[in-house]
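One structure is given below, encoded as structure tokens.
The values are calculated or read from the model by the stated rules, or taken from the named source; none is laboratory data. Computed from a prediction, not measured in an experiment: that's the story for all the values here. FYI the Cβ positions are ideal-geometry reconstructions off the backbone, even for glycines, and counts take in every protein chain you see. With ligands, DNA and RNA removed, areas are computed over all heavy atoms of the protein, side chains included. Shrake-Rupley method; radii C 1.70, N 1.55, O 1.52, S 1.80 Å.
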Amino acid sequence: GGRCRSVVAAAASAEAESPSPSPSKSAFVKDLREKQLLGLGLADLEAKVIGLGEKKFRGKQVYQHLLQGVHSIDDMTSLSKVFREKLKDEGLVVGRSKIHSTAKATDGTEKLLLELADGAIVECVGIPCDDLEDNRDRLTVCVSSQVGCAMACTFCATGKMGFSRNLTSAEIVDQVLHVAQRFPDQRVSNIVYMGMGEPAMNLNMVVESQQFLNKGLGIGARHITISTGNALHS
């Protein structure tokens with residue numbers, strides 16, 4: 001309704017006013033997003049493969065592989081070798097990161113540090129929880145939306161790092177896939193954008209990733225929480 005639109009408008013304003021990374025980092029992020037397949041919706045993937053001279057259904061094949069958590073185009077084994085080579089020749093990549101390190105607590109919570117394409121490190125956390133009321137297990141993933149943060153909250157270690165750059169939607173979705181693979185016996189049930197960064201200052205990529213997680217991975221919209229450190233305050 002109207003309140004929802006006003007919140008989105010406020011977030012867009014916050015994003016526009018957020019500190020900008022250096023021109024070289026901005027160019028890097030833009031170029032990276034154009035190459036990454038992960039995080040794109042089905043319609044965007046279909047348009048991309050049609051632009052490469054392929055049939056529309058190839059886009060759905062790529063989409064299904066992305067949902068399965070493949071790490072490379074070569075892992076998309078249902079695609080012909082010729083098509084896989086065409087994707088690589090276009091400079092396209094899946095957009096997965098590699099695990100830098102992990103730390104697991106006695107309650108099962110696991111923190112992952114992921115190394116991105118430019119060597120930057122971001123954090124995500126898998127939080128398992130027994131829900132006795134619903135009689136089912138929950139697995140919440142806490143994701144980061146930026147490398148560093150410009151909000152400089154005194155209680156937050158990330159704020160002391162300063163702001164480096166925004167994450168792409170692929171880099172956000174990738175965090176969820178990594179956690180899911182660390183908990184093979186549980187399905188991701190909840191997402192919270194409460195890791196590194198201010199989600200409202202990277203609105204486009206946050207929304208794009210949320211759409212992929214909701215429509216692609218089937219995580220209910222009511223189970224996805226996008227937090228803000230008062231960036232929407234007028």
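Among the candidates Gly69, Gly59, single out the residue that is assigned to a helix (DSSP H, G or I), out of contact with any strand residue (DSSP E or B) (no Cβ under 6 Å at 6 or more places or on another chain) and of a type outside the set (D, E, K, R). Let's see the steps before the verdict.
Details: Gly69 fails: assigned to a helix (DSSP H, G or I).
Within the list Gly69, Gly59, the selection yields Gly59.
When Gln68 is evaluated against the numbered criteria (1) of a type outside the set (Val, Ile, Thr); (2) open to solvent by less than 60 Å² (accessible area, probe 1.4 Å); (3) closer than 21 Å to Gly216 by Cβ, which criterion, by number, is the only one it fails?
So Gln68 meets the others, but not (2).
Identify all residues within the stretch 180-216 that are modelled with pLDDT under 95 and among the acidic types (Asp, Glu); write none if there are none.
Scanning the stretch 180-216 gives Asp185, Glu198.
Among (1) among the hydrophobic types (A, V, I, L, M, F, W, C); (2) assigned to a loop (DSSP other than H, G, I, E, B); (3) touching a residue at least 40 places away in the same chain (Cβ under 8 Å); (4) open to solvent by less than 30 Å² (accessible area, probe 1.4 Å), there is one condition Ala117 misses while meeting the rest; what is its number?
(4)
Taking the criterion of being part of a loop (DSSP other than H, G, I, E, B), charged (D, E, K, R) and more than 13 Å from the chain's Cα centre (by Cα), would at least one residue in the stretch 192-200 satisfy it?
At the first step, the residues of the stretch 192-200 found to be part of a loop (DSSP other than H, G, I, E, B) are 194-198.
Restricting the remaining residues to those that are charged (D, E, K, R) gives 198.
Within this subset, residues satisfying the condition of being more than 13 Å from the chain's Cα centre (by Cα) are 198.
Yes: one or more hits.
Looking at (1) in contact (Cβ under 8 Å) with a residue 12 or more places away in the chain; (2) part of a loop (DSSP other than H, G, I, E, B), can you tell me which one Val122 breaks?
All conditions pass for Val122, except number (2).
Return yes when Ile172 is within 22 Å of Ser26 (Cβ to Cβ), within 12 Å of the chain's Cα centre (by Cα), in contact (Cβ under 8 Å) with a residue 40 or more places away in the chain and surrounded by 20 or more Cβ atoms within 10 Å (Cβ to Cβ) and no when it is not.
yes
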